[in-house]
Amino acid sequence: MIPSDQAPPDVDFLMRRLADLERQVRELQAGRRLEAATIGAGGIRIQGGTVVVVDADGAEIIRIGKVPGFSGEVPGLTATRAPSAGGSVALSLRDGIYAVWDRVGNVAMSTDEVSGQGLATPWIPLTARPSTDYTSPPVSTTSTSFASQWTVSGDKQHPRVKAVVLVQADAATAGEIRLRDPVSGVVIAAAQAIPAAEFASHTLVGSVAGDHTTRCQVDVEVRRTSGSGAIRTLVTYVMGVQS
C-alpha cells in the first residue's frame, strides 16, 4: 500500500488547485501595483533603460534616460507641459545642455556649453550713464507734438520692455512722456505727465510686438504741454521684463 503522502493526486485535487491558481492570477492582475514604495539608501539603478512618468490620463510629463535630441535619441531628461497647456517640452537636459523652453518651442534660457560657463541665451544688454553728477539731461525738446528723443532697439527676448528715464522740465514748463512702437505706430506705454520744473525719473513699461529674437524697436517720446521752456531727458536703463 502506498502511503498517503506519496499517493498521486486525484483529478478533483488537481482541478481545485488549478482553480485556486487561476483565482490568484486574477487577483494579481486586478490589484494595484507599486501604488506607493520606499527605496532605501542604496537607491535604484536602471541599466540602459528609460523611466517615463505619466499623469492620470496617460500623458507623459517626465522622461529620464533616452530622450529626443536634435540628431536622434541622446541621454538626458525632459519635463513636458500638461496637454491642457500645449503638451510641449518645458525643460530639457540633452547631452549635458540645459534649456528652458517656451510654449511654442523657443529656447528661453540655456547654458553655454562651448565655454563651459554662464548663459548662452538670453542675450541681455547692459546700459551706461555718466559716472559724474549731472543736473541737465542731454536731449531736449520744445515741441508741442510728441517727438522721439531716444530709440531703443535689440533682439526681442521678453514680452515687455521697461524703460527708466530721467526727466527735467524748465520752470513753468510741463509735458508728457510715453513709449511708442515706431514701426506699427502703437503706443505701448501710456503718456505720463511731467509737472512743471520737475527733475525726476519716470518708469514706463509696455508690451513689445514681434516674434522671439526678432529685431524690435521702441521710441521714448516727449512733448511740451504748457509753458515756453524745454523738457530734457536721459534714458538711464532699459530692460526686458516678463508679462
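Only the coordinates and a few stated rules stand behind these numbers; no lab work does. As the structure is a computational prediction, the values presented were derived from the model and not from experiment. Note that each Cβ is placed from the backbone with ideal geometry, even for glycine, and that neighbours are counted across all protein chains shown.
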I want to verify a result. In a Gaussian network model of the chain, Cα cutoff 10 Å, which of these has the top mean-square fluctuation: ALA41, ALA56, ALA230? ALA41
Using mean Cβ contacts within 10 Å as the protection proxy, how do 187-197, 128-138, 154-164 order, highest first? 154-164, 187-197, 128-138
MRE, 222 nm, helices only [DSSP H, n ≥ 4, -39500 (n - 2.57), over the chain, to nearest 500]: -3000 deg cm²/dmol
Here, trypsin sites (Lys or Arg not before Pro) of region 36-122 satisfying both criteria (DSSP loop; at most 16 other Cβ within 10 Å) are ARG45, ARG81, ARG103
Could I get the Rg over Rh figure for region 120-243? Both from C-alpha atoms, Rh via Kirkwood, rounded to two places. 0.99
The chain - convex hull of alpha carbons, volume per residue in Å³: 242
